[in-house]
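Visitor: Just passing along the structure, written as structure tokens.
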Amino acid sequence: MKRVSLVLSLAIVAGFTTQAVNAQTLKTVKDRGILSCGVSQGLPGFSAPDDKGNWTGLDVDICRAIAAAVFDDATKVKFVPLSAKDRFTALQSGEIDVLSRNTTWTVSRDTSLGANFTGVTYYDGQGFLVKKSLKVNSALELNSASICVQTGTTNEQNVADYFKGNNMKYEVIAFGTADEAIKAYESGRCDVFTSDVSQLYAQRLKLATPADHGVLPEVISKEPLGPLVRHGDDQWFDIVKWTLFAMLNAEELGINQSNVLEMGKSDKPELKRVFGTDGNLGEQLGLTKDWVTRIVKAVGNYGESFDRNVGAGSKLGIARGLNQLWNKGGIQYAPPIR
Amino acid sequence: MLGGQSGWKGLIVQLLFVAALAWISYAIVDNARDNLQNQRIASGFGFMSQTAGFGVSQTLIPYSESDSYTRVFLVGLVNTLVVSVIGIFFATVIGFMVALGRLSPNWLLSRIAGGYVELVRNLPLLFQILFWYLAVLGSLPNPRQSVSLFDSFFLSNRGIVVPSPIGQAGLGAFLIAVVVAVIASLLLPAYARRRLFQTGKPLTVWPYVVGLLIGLPLIAVLIFGKPVHFEIPVLKGFNFAGGSRVAPEFVALTLALSTYTAAFIAEIVRAGIQSVHKGQMEAGASLGLSRGSTLRLVVVPQALRVILPPLTNQYLNLTKNSSLAVAIGYPDLFSVFAGTTLSQTGQAIEIIAITMGVYLLISLVTSALMSFYGWRIGRSMGA
Ligand SMILES: N[C@@H](CCC(=O)N[C@@H](CS)C(=O)NCC(=O)O)C(=O)O
């Protein structure tokens, strides 16, 4: 019972230590020599192991980027797969240093879990997956439907709000893991599978005939997904926050994996600050002057990571949409590096 | 007594020991609360009155999204108890049958029973739960193509839907008739035994019992009218409306838990029966009792003494194993409370403490009931 042992270690840490154990995450990570990163149990595009056990995905890249910034080595990450319901306890108990697992930023999670969200890696919303043979064209036609969902998610609550709000009946069956939920949906136990839209596309790939299933047009919620760290360690919070901002700024400035070393030689004032050839912004964060170079060299800029994992260059083929940069019609916007 | 002291000295040592233990636990809890507060992790039990805001598929007590987490707790607890009690019942029945089959002189029967035990014991329980759920129940047709009986019973991948009874005018009289019949049937065997001892004439009880149980209610219905009206389920949209439903999650979990535990129970019962001396069987036969009667009247009561303690263990295991429910979406206590409620509120320590306390309590009550039963058997055998 993973959950019980996580909670016990949390209780032991809370009961027997005299001060916050986690005030110095950066030091702990450096001493350990490896970053411990909480991810999903296998969600293509966001965090999934390939057949050799290598983790890839947009959420995975955030952790690799942090490891690159800290160690200049993107492989120094231990990935800890977590189900939706175990993820927060794993962060609280100190088993992981950062949780990067398609997690929605909400006020209750930001305030009651002893955790802080560091930013938004992917702007998402919740949707419904149905068999095309049911000939349903809108979520409003789903009255009396049986719905499969993963337990411990915002999706479980949103679906209750949506059906109640629209005066529709429903039966929700909540499963421990995504695989169990999608299998039950495939077996016909449920008419609908619901989760964040990006995850619908990812899970659809696991079905025997993905083309027989379609995503309904309605998006019923806001699901800004992002990484979390423990409350109370501002330095570590800044590092994780600015790792994503560095990837976004790199894309905005046209810095990518192939030109990063070349552009590093530029003498434009703005680029000199970014690359640390002028000033010491990286050191102020607790990292090194060349932190942005390390990050982009390892995982590329935000756009590259997006394309490779979930976008046009991936099996998911999701359009940039809201996740396009702010100056290209989207809402991804990072504060400047200065 | 601690340290072997007796009287006042021992008592004082014990009191001091308890006081020290209480003080240490208090310090730990207090420290934990401080640490959680510093880390901004919510603590305390205030969350229990907050609105849950999520749906639960199967509830035996009324529940809606706008109820509190306390209600969720009760819903989960009832679901856990129901699946455990029904699972224990079937596990016991199947377990005893398989054990008797295994001991039977019939070669084929004993081989089949042995094969069952070997197969079921050696496959992981989670695998069996998923097998029943996905492979067996999951292959049933969808509601629109459901298998129906008299157009009122429907079997589909949404479960079994049956007409549900709705009380009518005759219900009161009917229930009274049933209660009277049941009480009378329970008193009959005692009367029969007394008569046997006093007059030496045996009385076959069962025809009277059947007559009472069927006859009395029937008379009530004839005089006071139909007790219930049956509401027939109809297909509406994606699912059946009206009627009562047994969901596939419940069926799969009960099936898996009871067949799995039955294999262990069968071995316990077999060992128990074999522990009774062979002479007892022969003694029964020489009294002219049939094999079945000897088993029932002579061997099993003696075997029960050996069987009860490990049997209790199996009952506790079954209850604990019911927490695998979340794999197939059955809303038991572990799933809705230690799962959904925990991740929505983040109050891991409190919720796991409550949950573990409840399982502990269930275990203690089960053990107490079984000990009581064992004590009664011991007494009735004059041991
Ligand atoms: N964004 C939502 C949902 C996150 C979530 O867990 N989604 C499921 C949807 S399928 C998932 O990714 N499961 C993958 C896994 O459990 O490994 C939340 O934070 O609560």
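Visitor: Report, largest value first, the span of the C-alpha coordinates of region B:164-231 along each principal axis, in whole Å.
Guide: 50, 19, 15
Visitor: Okay, next question. If the viscosity is 1.306 mPa s and the temperature 10 °C, what translational diffusion coefficient in µm²/s does Stokes-Einstein give for chain B when Rh comes from Kirkwood over Cα pairs? Don't skip to the answer; put the middle values down first.
Guide: On the way: Rh = 25.7 Å.
Value of D from the Cα-based Kirkwood radius: 62 µm²/s.
Visitor: On to the next question. Sticking with the crude label model, points 7 Å out along Cα→Cβ, report the distance from B:Q50 to A:L322 in nm, one decimal please.
Guide: Inter-label distance under the simple model: 2.3 nm.
Visitor: For the protein assembly as shown, with equal point scatterers placed on the C-alpha atoms only and solvent neglected, what are the log10 I(q)/I(0) values from the Debye formula at q = 0.07, 0.08 1/Å, to two decimals?
Guide: At q = 0.07, 0.08 Å⁻¹ the computed log10 ratios are -0.64, -0.80.
Visitor: Further, regarding this structure: Here is the link list: A:K2/A:K222; A:K78/A:K131; A:K289/A:K315. Which ones come out longer than 32 Å on Cα distance? Let's see the in-between values first.
Guide: On the way: A:K2/A:K222 30 Å; A:K78/A:K131 37 Å; A:K289/A:K315 36 Å.
Check vs 32 Å cut-off fails for A:K78/A:K131; A:K289/A:K315.
Visitor: Hey, what's the per residue convex hull volume over the C-alpha atoms of region B:110-245, in cubic angstrom?
Guide: 208 Å³
Visitor: Right, next: Relative to the Cα centre, what is the charge dipole magnitude of region A:126-221, using +1 at the beta carbon of each Lys and Arg, -1 at the beta carbon of each Asp and Glu, and rounding to the nearest 20 debye?
Guide: It comes to approximately 220 debye.
Visitor: Give the interface area between chains B and A as buried accessible surface, both sides summed, probe 1.4 Å, in Å² to the nearest 100.
Guide: Chains B and A together bury approximately 4100 Å².
Visitor: Lys/Arg Cβ at +1, Asp/Glu Cβ at -1, dipole of chain B taken about the Cα centre: which of B:V298, B:I112, B:T259 is farthest positive-ward?
Guide: B:V298
Visitor: Quick one, what does Rg over Rh come out to for chain A if you take C-alpha atoms and the Kirkwood Rh?
Guide: For chain A, the value is 0.99.
Visitor: Shifting gears a bit: Please report the relative contact order for region A:138-225, taking Cα pairs under 8 Å with a sequence separation of at least 6, and give it as a percent rounded to a whole number.
Guide: 35 percent.
Visitor: Considering the dipole of region A:126-221 built from charges on the beta carbon (Lys and Arg +1, Asp and Glu -1) around the Cα centre, which of A:F175, A:Y201, A:Q150 is farthest to its positive end?
Guide: With unit charges placed on the Cβ atoms, the residue in question is A:Y201.
Visitor: What does the convex hull of the Cα atoms come to per residue for region A:207-274, in Å³?
Guide: 211 Å³
Visitor: Now for a different question. Length gain on complete extension for the stretch B:S164 to B:V228, per 0.36 nm per residue less the alpha carbon to alpha carbon distance? It would help to have the intermediate numbers written out before the result.
Guide: Values: separation 64, 0.36 × 64 = 23.04 nm, distance 0.92 nm.
Full extension from B:S164 to B:V228 adds 22.1 nm.
Visitor: Reachable aspartates and glutamates from A:K241, Cα under 14 Å, same-chain residues fewer than 8 places away excluded?
Guide: A:D59, A:D61, A:D97, A:D233
Visitor: Hey, what D do you get for region A:1-111 in µm²/s if you plug the Kirkwood alpha-carbon radius into Stokes-Einstein at 4 °C and 1.567 mPa s? Could the numbers behind the result be given before it?
Guide: Numbers: Rh = 14.7 Å.
Value of D from the Cα-based Kirkwood radius: 88 µm²/s.
Visitor: Could you order A:E262, A:E171 by accessible surface area, starting with the largest, using a probe radius of 1.4 Å?
Guide: Ranking A:E262, A:E171 by accessible area, largest first, yields A:E262, A:E171.
Visitor: Kirkwood Rh and Cα-based Rg: tell me the resulting Rg over Rh for region A:126-221, rounded to two decimals.
Guide: Rg divided by Rh gives 0.91.
Visitor: Pairing rule first: another cysteine's C-beta must sit under 4.7 Å. Under that rule, which cysteines of chain A stay single?
Guide: none
Visitor: Right, next: Can you give the FRET efficiency for B:V178 and A:I34, using 1/(1 + (r/R0)^6), R0 = 45 Å, r = Cβ-Cβ distance, to the nearest 0.05?
Guide: 0.05
Visitor: Charges at C-beta only: +1 for Lys and Arg, -1 for Asp and Glu. How large is the resulting dipole of the protein assembly as shown about its Cα centre, in Debye rounded to 20?
Guide: 2620 debye
Visitor: Give, rounded to the nearest 20 debye, the magnitude of the charge dipole that chain B has about its Cα centre when Lys and Arg contribute +1 at Cβ and Asp and Glu contribute -1 at Cβ.
Guide: That gives a dipole near 1340 debye.
Visitor: Another question, if that's okay. Within region B:311-349, whose backbone N sits under 17 Å from a point 7 Å along Cα→Cβ of A:S9?
Guide: B:348-349
Visitor: Could you work out the local net charge near B:S335, counting Lys and Arg as +1, Asp and Glu as -1, over the other residues with Cβ closer than 12 Å to its Cβ?
Guide: With Lys, Arg at +1 and Asp, Glu at -1, the net is -2.
Visitor: I need the fraction of alpha carbon pairs in region B:57-160 separated by more than 15 Å, rounded to a whole percent.
Guide: Looking at region B:57-160, the distances longer than 15 Å represent 78 percent of pairs.
The values are calculated or read from the model by the stated rules, or taken from the named source; none is laboratory data. From a predicted model like this one, the values you see are computed outputs, not experimental measurements. Neighbour counts are summed over all protein chains in view; Cβ atoms, including those assigned to glycine, are modelled from backbone coordinates with ideal geometry. Accessible surface areas use protein heavy atoms only, side chains included; no ligands, DNA or RNA. Shrake-Rupley method; radii C 1.70, N 1.55, O 1.52, S 1.80 Å.
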